[in-house]
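First up is the structure itself, then whatever we jot down about it.
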Amino acid sequence: VAPIAIKKEEKTYPDFKVTGFFQLDTAYFDQSDESIATLGDIQDGTGFRRARLAATGNLTERASYQMEFDFAQAQARFVDVWAQIKDTPFGNVRIGRFRQPFGMSELTSIRELPFLERPTTFALAPFRQTGIMLFDTAADEQITWAVSGFRTLSDNFGNVYGDNGGYGTAERITALLVDRGDCRLVHIGFDHSYLNPGRDQLQYASQDEIFVGQQPNLGPTGLSVFPIEGVPPFVNTGVFPVDQVNLFNVEGALSFGRGLIQSEYRWSNVDLPTGENVTVEGGYVTARYVLTGEVIPYNRTAGAFGRVKPKRPLDVCQGDWGAWEIAGRVSTLDLNPLFGQPGVPGKGRELTSSSVALNWYWWANGKCQFEYVNGQLNDPTLGDSDTNTFASRVQFDF
Amino acid sequence: VAPIAIKKEEKTYPDFKVTGFFQLDTAYFDQSDESIATLGDIQDGTGFRRARLAATGNLTERASYQMEFDFAQAQARFVDVWAQIKDTPFGNVRIGRFRQPFGMSELTSIRELPFLERPTTFALAPFRQTGIMLFDTAADEQITWAVSGFRTLSDNFGNVYGDNGGYGTAERITALLVDRGDCRLVHIGFDHSYLNPGRDQLQYASQDEIFVGQQPNLGPTGLSVFPIEGVPPFVNTGVFPVDQVNLFNVEGALSFGRGLIQSEYRWSNVDLPTGENVTVEGGYVTARYVLTGEVIPYNRTAGAFGRVKPKRPLDVCQGDWGAWEIAGRVSTLDLNPLFGQPGVPGKGRELTSSSVALNWYWWANGKCQFEYVNGQLNDPTLGDSDTNTFASRVQFDF
Amino acid sequence: VAPIAIKKEEKTYPDFKVTGFFQLDTAYFDQSDESIATLGDIQDGTGFRRARLAATGNLTERASYQMEFDFAQAQARFVDVWAQIKDTPFGNVRIGRFRQPFGMSELTSIRELPFLERPTTFALAPFRQTGIMLFDTAADEQITWAVSGFRTLSDNFGNVYGDNGGYGTAERITALLVDRGDCRLVHIGFDHSYLNPGRDQLQYASQDEIFVGQQPNLGPTGLSVFPIEGVPPFVNTGVFPVDQVNLFNVEGALSFGRGLIQSEYRWSNVDLPTGENVTVEGGYVTARYVLTGEVIPYNRTAGAFGRVKPKRPLDVCQGDWGAWEIAGRVSTLDLNPLFGQPGVPGKGRELTSSSVALNWYWWANGKCQFEYVNGQLNDPTLGDSDTNTFASRVQFDF
């Protein structure tokens, strides 16, 4: 009896997969009188911070794509919309809208953040823009590198429309100085970005690392089309005229498996049309510790940390309670150097945020986060104020 | 010769499926002079009433999700966006945005309605809000129960933003008094909902059970961001200040397989900031009869009736004409008690709608509906008026 | 030993598949002084021209559906949203929103265009409207025919709302006079469309075959809800009152496998409320030649040309460079006859566009296009002007 020949099913292209996730946040704000005087009365809220669906798959054996949209902000906004070819003579090539290679916290997936939002230093990053990127790993995945050219500042749909400027570059290199796998890692990284913003306009702004309501679009008039109601920016330059910008960032992280210390410091050299050069800067330090012993894995192709997967996924009846993590973060961003500069409409302000978080990972793809943030805000004319936020998030992804 | 071991393919999580449907409606309006004086000249129209896509699947063996959006109203609105865990010690637990457990017609899927829209009593229901619900069946699926806590009034994207109030609960219990399966069923149910609306603002409004054009967002300023053009509300309190609301509902249904009589009555106790308590109420009776003999199935986990599936799906060449159903409904909603109350800007009005429908089920997932509605409207200052609507719907789902 | 019975897996309905694509365009504009005076200073731009996701599949053995939305224009707009039944006694029947059977370039998929946009004659076509269509092929797929009735002018979400008018029909028939397959084809076609536009309002407008920024909605007030910033229409009547319109179109194409000449000429008889009848007309000729020898295939069910598939998909390391095509097009559209007619607010204008394109097909589903357009614009009061556009597109689909 001859063996049955099992015909190997041939892979056909293109293929597709649907992925998605949602984050349901609740936040309560406790403001000092000075905070209310500076920021207005911030309203408590519950809402979907992000609700994304994506189609992703392969175009050919070596080319892949992602089309991801976020439905949580009244418009279906572009998230990752790109195609890429791997293993070209120039490394991997990606075209479309994607996160530019600048910043370890920026390149950590929003699904994997130990806090509800990225640190306030996020304001000083190009983040998602539309362009083309070369990237790869080297030295047996102990080094990652990426260079990118893009149009900026794009709106929420990936578009730049304007004759003046609108170009930028970003470059990043990371290395593992110590690489003992899940036992011990020392990561360092350097990032730079050059921006010649479209219409010669720029804005730096950030909330206090918690957000409910509608998220505004930043940037030149015409990019934002919706009335906005939500947590106001704590630091905010408003839209101001600019010649060009150079952003610099240094990254460092020390991992010992279940624990992690991660820090970045960055500064932005802003060339104003007056010829003056102003530098604004910010930084943060994060510490994480997984109480139940799971590893915070390092993603060697992204050069950033990934997802905590519970060893014993939540099953109350069996006495399995998932994974638990505590985390702390201090971040600071000082936009006061731009206050009073010609054409700068906003106050700028300086914000120092201190956060503690308790994260409860139910399964690999479901979690609940609790966070407290204290924001110390310095307004150049109104002085210091104090804002406390208590927030929670439920997140599911597939 | 050993038997070939067929390796059972292991189920992997998460998984996904894409589902969706669209409803294409056409409506003609015939108004008396009084109707035009009261409501303006309602324009005829054709359009997509709903066009929804959803990703749905399992997160783990016991957890599932749904992310559903409706593209038919200019914005991609949130429909069902939730995750749930089954068989916890507290029953099934659902978190996110979903239909609150209040009202048999509300918990009947919009895909399965014998008329184009739910009855006008729909105005007195919390419907989709963002929260957490416990629910299950009992007594061999002869009883369903659900309790839910939520934020309210949420916008079309599931968000509540405002310091004052914004909380609600809903509870529902149903039972089958007679349970002879497809032969005879007697269903009863009781529902309650407590609302402390966000920003202390409320609005009750309803069209005459037919709608074309853009569907307005109800509720406080800031939730609605689009200019609206469509069928105006027949009854409408406008946005008014409120302390709290208690909603009560009783359900009854008598099914004999191919036939069904279903009725609900509900009332809303509204506590105004003046200390006054006003009650508005409404009810409906629906009768359905499937001419071709198919059963209108009872969904034992939802406590509501489901989909008519033709025994002989439409195939003209073979002489198969699908399933045919006739239905009638009378509904009433009286908002006049709120007319003239302090802070109530609208007329309120009282609406009695009488409808007849002819439904042609082509296949399990394609149908065509024809409906005539006569709306008798009583305006507290303009008196009685008469509006007739002729409408049709084509619906396909997958 | 008995043979193993391989149970044929039964096909279950409904099923689904997700498809999608995006087009990332960049355009630079070089305007004469007269062009700037006539059109304003057109801004350069980069952006997603289209970014579409669709769910498509079968409802039953003989019925299928498509639900496609475009996320590129700030709102998730309806594209193809329809269901259809094949092989009825009346041919195939399609219900919903789809491209009306008028125009060979209109019925060529936007994924397969040799230029970035359809020719300016596109302004004189009903294109996507909501209705019902019968269509089929005949004479061994050497003939295609289609007749359709629809509501018009629908907004971007497929809706028509208004008592006055709002109806239209479209009819198309095509035939292959010579049919030697990939070797030689001669295609001819005739199209007609009758329009009684909703609210008795019409607008004819077109850019110069390149577009960046936000695409406006055309038509009566209330259909467009967004502020618009993008390439202005070169020819534009503005919204004007109209009784009815008859559109006529003739198609001709000569294919010799790797080469193709295609042309259409169309005219619109516009009955104004004044009783006057005005005719506007336009046409184009396109020539294409695939340098690498691939065939431009003829789609026998659509009566239009399809996708160039590289014989040697791009693989630089192996020396495979995909397929290369050159193309040229001249198109003209003269709206000046409407200038000065009662109620016509716009200038009309006459536009003659000359384009050359170089298309690089990487794989079957990835390509890059380069195009130069020279637009000669005649304004009835400002005279002639000259606009040059250099543009590129990257497109991936799945």
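The values are calculated or read from the model by the stated rules, or taken from the named source; none is laboratory data. In this text the structure is predicted, and so the values were computed from the model without any measurement. Reconstructed Cβ throughout: ideal geometry from the backbone, glycine too, with neighbour counts over all protein chains shown. With ligands, DNA and RNA removed, areas are computed over all heavy atoms of the protein, side chains included. Shrake-Rupley method; radii C 1.70, N 1.55, O 1.52, S 1.80 Å.
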- Message: Using a 1.4 Å probe and counting only protein heavy atoms, how much accessible surface gets buried when B and C come together, both sides summed, in Å² to the nearest 100?
- Response: 3300 Å²
- Message: Is there a quick way to get the dipole size of chain B? I mean about its Cα centre, with the Cβ of Lys and Arg at +1 and of Asp and Glu at -1; what is the value in debye to the nearest 20?
- Response: 1500 debye
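Lys and Arg at +1, Asp and Glu at -1: add these up for the other residues within a Cβ distance under 15 Å of A:Asn196 and post the number.
My count for the surroundings of A:Asn196 gives -3.
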- Task: Kindly provide the pair-distance distribution of chain B built from C-alpha pairs, with 10 Å bins from 0 and whole-percent values in order of increasing distance.
- Result: 5, 21, 32, 28, 11, 3, 1, 0, 0, 0
- Where the centre of each part is set by its Cα atoms, how far does the stretch C:130-144 sit from the stretch B:115-132, in angstrom? 43 Å
- Task: Note down the accessible area of C:Cys183, probe 1.4 Å, to the nearest 10 Å².
- Result: 80 Å²
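Roughly how large, in nm² to one decimal, is the mean projection of the convex hull of the alpha-carbon atoms in the stretch B:112-168? Working shown, then result.
Working: hull surface 23.3 nm².
Spelled out: convex hull of the Cα atoms, projected over all directions, averaged, 5.8 nm².
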- Here the tail fraction of P(r) beyond 16 Å, over all Cα-Cα pairs of the stretch B:61-103, rounds in percent to 49 percent
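Loop-only check: which chymotrypsin sites (Phe, Trp or Tyr not before Pro) in the stretch B:18-121 are DSSP coil with at most 12 other Cβ within 10 angstrom? The partial results should precede the final answer.
On the way: sites: B:Phe21, B:Phe22, B:Tyr28, B:Phe29, B:Phe48, B:Tyr65, B:Phe69, B:Phe71, B:Phe78, B:Trp82, B:Phe90, B:Phe98, B:Phe102, B:Phe115; in loops: B:Phe90, B:Phe102, B:Phe115.
Answer in residue order: B:Phe90.
Would you mind giving the average projected area, over all directions, of the Cα convex hull of the stretch A:21-77 in nm² with one decimal? List each step's numbers first, then the result.
Details: hull surface 23.4 nm².
Approximately 5.9 nm², given one-decimal rounding.
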- Task: Quick one: compute a quarter of the convex hull surface over the Cα atoms of the stretch C:74-226 and quote it in nm².
- Result: 10.4 nm²
- Check C:Gln129: other-chain or 5+ apart residues with amide H under 5 Å from its amide H, H built from backbone geometry? C:Phe98, C:Gln100
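List the relative contact order of chain C as a percent without decimals, with contacts defined as Cα pairs under 8 Å and 6+ residues apart. Present the calculation step by step, with values, prior to reporting the outcome.
Values: 1123 pairs, mean separation 61.1, N = 398.
Relative CO of chain C lands at 15 percent.
When only Cα pairs under 8 Å and 6 or more residues apart are kept, what is the percent relative contact order across the stretch C:272-322?
Numbers: 34 pairs, mean separation 9.5, N = 51.
Relative contact order, the stretch C:272-322: 19 percent.
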- Query: In Å, what Rg and Dmax follow from the Cα atoms of the stretch C:343-382?
  - Reply: 16.9, 50
- Query: Any idea what Rg and Dmax come out to for the protein assembly as shown if you just take the C-alpha atoms, in Å?
  - Reply: 31.1, 92
- Query: What are the distances, in nm and sorted shortest first, from the label point of A:Pro273 to the label points of the same position in each other copy, with each label point placed 7 Å from Cα along the Cα-to-Cβ direction?
  - Reply: 4.6, 4.6
- Where rotation carries C onto A, the chain C residue whose Cβ is nearest that axis, in whole Å: C:Ala76, 3
- Message: If every alpha-carbon in the stretch B:162-211 counts as one equal scatterer, what log10 I(q)/I(0) does Debye give at q = 0.21, 0.25, 0.27 1/Å?
- Response: -0.84, -0.91, -0.95
- Shortest first and in nm to one decimal, what separations exist between A:Gly252 and its copies in the other chains, measuring from label points 7 Å along the Cα-to-beta-carbon line? 7.7, 7.7
- How much of A:Ser206 can a 1.4 Å solvent probe reach, expressed as accessible area in Å² and rounded to 10? 20 Å²
- Item | Paired Rg and Dmax values of the stretch B:29-130, which use every Cα atom, in angstrom | 18.0, 60
- Item | Under 11 Å, Cβ to Cβ, from C:Leu335 - net charge with Lys/Arg +1 and Asp/Glu -1 | -2
- Message: Positive end of the dipole of the stretch B:3-125, charges at C-beta (+1 Lys, Arg; -1 Asp, Glu), about the Cα centre: which of B:Tyr13, B:Gln73, B:Thr108 has its Cα farthest in that direction?
- Response: B:Tyr13
- Query: Summing Lys, Arg as +1 and Asp, Glu as -1, what charge do residues with Cβ under 10 Å from the Cβ of B:Arg349 carry, B:Arg349 excluded?
  - Reply: -2
- Task: State the Cα centre-to-centre distance between the stretch A:152-172 and the stretch B:152-173 in whole Å.
- Result: 39 Å
- What is the Cα centroid distance between the stretch C:61-111 and the stretch A:255-275, reported in whole angstrom? 49 Å
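Could you give the dipole magnitude of the stretch B:244-398 about its Cα centre, charging the beta-carbon of Lys and Arg +1 and that of Asp and Glu -1, in debye to the nearest 20? Spell out each step's value before the answer.
Values: 13 positive and 16 negative charges, 146 e Å.
Using Cβ point charges on Lys, Arg, Asp and Glu, the stretch B:244-398 gives about 700 debye.
Cα-Cα pairs above 16 Å in the stretch A:282-361: how many percent? Don't skip to the answer; put the middle values down first.
Numbers: 2121 of 3160 pairs.
Of all Cα-Cα distances in the stretch A:282-361, 67 percent exceed 16 Å.
Show me the three semi-axes of the equivalent ellipsoid for the stretch A:233-372, from the C-alpha gyration tensor (sqrt of 5 times each eigenvalue), largest first, rounded to whole Å. Could the numbers behind the result be given before it?
Numbers: eigenvalues 323, 51, 27 Å².
Equivalent ellipsoid semi-axes, largest first: 40, 16, 12 Å.
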- Item | C:Tyr28-C:Glu276 pseudo-label distance in nm [points 7 Å out on the Cα-to-Cβ vector] | 4.4 nm
